[in-house]
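So the structure is just underneath, and the comments pick up after that.
The values are calculated or read from the model by the stated rules, or taken from the named source; none is laboratory data. What you are looking at is a predicted structure, and each value in this text was computed from that prediction instead of being measured. Cβ sites come from the backbone with ideal geometry, for glycine too, and all protein chains shown count toward neighbours.
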Amino acid sequence: MVAFVSHVTVDCRDAYALSRWWKPVLGYVDDADDPGAPGHEECMIVDPDGAAPRLLFIEVPEGKATKNRLHLDLRPREQPQDQELADLLAHGATVVADRRGIYGPGSGWVVLADPEGNEFCLLRSPAERAAWHAAQAAGAPVEA
């Protein structure tokens, strides 16, 4: 048996508002076949290149009550983790837990929440990760 992930579904109170919040975070666009609009109970956003999973926001009556059992791990495409974190906080994300440095200088992630409390993690950028691994291989410490 083999299947593939069609999309990731996010339960929420306001599908349109939360899909609008996530679009600039991921660089996603509306699904051309079903663009979301205010009042829609389901709103899909997609990676414009089609390389990453689609996200479907579905309205549910109950609010988030406990920690997510499934969450997104985001890696900045270009800018350092600290700058991406500042941008996410300015956009309305909140810090749940700061795990930077958990495995030594230059390592770790930050657990954040979107405006509805859905948790996601912000990892280090590819360049930061490569520098950390190179430093580890050379036996030199990397600044956090």
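Please go through the range 45-65 and give me each residue that is touching a strand residue (DSSP E or B) at 6+ places or on another chain (Cβ under 9 Å) and farther than 27 Å from Leu85 by Cβ, ordered by number.
If the condition is that a residue be touching a strand residue (DSSP E or B) at 6+ places or on another chain (Cβ under 9 Å) and farther than 27 Å from Leu85 by Cβ, then Ile58, Glu59, Val60, Glu62 are the ones that fit.
Can you confirm whether the range 7-22 contains a residue that is modelled with pLDDT of 95 or more, of a type outside the set (S, T, N, Q), over 17 Å from Glu119 (Cβ atoms) and in a loop (DSSP other than H, G, I, E, B)?
Within the range 7-22 (the criterion being modelled with pLDDT of 95 or more, of a type outside the set (S, T, N, Q), over 17 Å from Glu119 (Cβ atoms) and in a loop (DSSP other than H, G, I, E, B)), the answer is yes, since at least one residue qualifies.
If Leu56 passes every condition in (1) in contact with a Cys (Cβ under 8 Å, 6 or more places away or on another chain); (2) closer than 22 Å to His7 by Cβ; (3) outside the structural domain of Cys12 (by TED's automatic domain parsing) but one, which one does it miss?
Failing condition for Leu56: (3).
For the range 1-24, give me each residue that is free of Cβ contacts under 8 Å to residues at least 24 places away in the same chain and more than 15 Å from Arg54 (Cα to Cα).
Correct list: Met1, Val2, Ala3.
Inspect all residues belonging to the range 98-115 and state whether any of them is under 15 Å from Lys23 (Cα atoms), charged (D, E, K, R), in the same structural domain as Glu78 (by TED's automatic domain parsing) and modelled with pLDDT of 90 or more.
Yes, because at least one residue in the range 98-115 is under 15 Å from Lys23 (Cα atoms), charged (D, E, K, R), in the same structural domain as Glu78 (by TED's automatic domain parsing) and modelled with pLDDT of 90 or more.
So in the range 48-72, with the set limited to residues that are touching a residue at least 24 places away in the same chain (Cβ under 8 Å) and of a type in the set (Lys, Arg), which one is farthest from Glu128 (Cα to Cα)?
Lys64
Among the residues of the range 61-72, write down those that are surrounded by 13 or more Cβ atoms within 10 Å (Cβ to Cβ) and in a loop (DSSP other than H, G, I, E, B).
Once the filter is applied, which keeps residues that are surrounded by 13 or more Cβ atoms within 10 Å (Cβ to Cβ) and in a loop (DSSP other than H, G, I, E, B), the range 61-72 yields Lys64, Asn68, His71.
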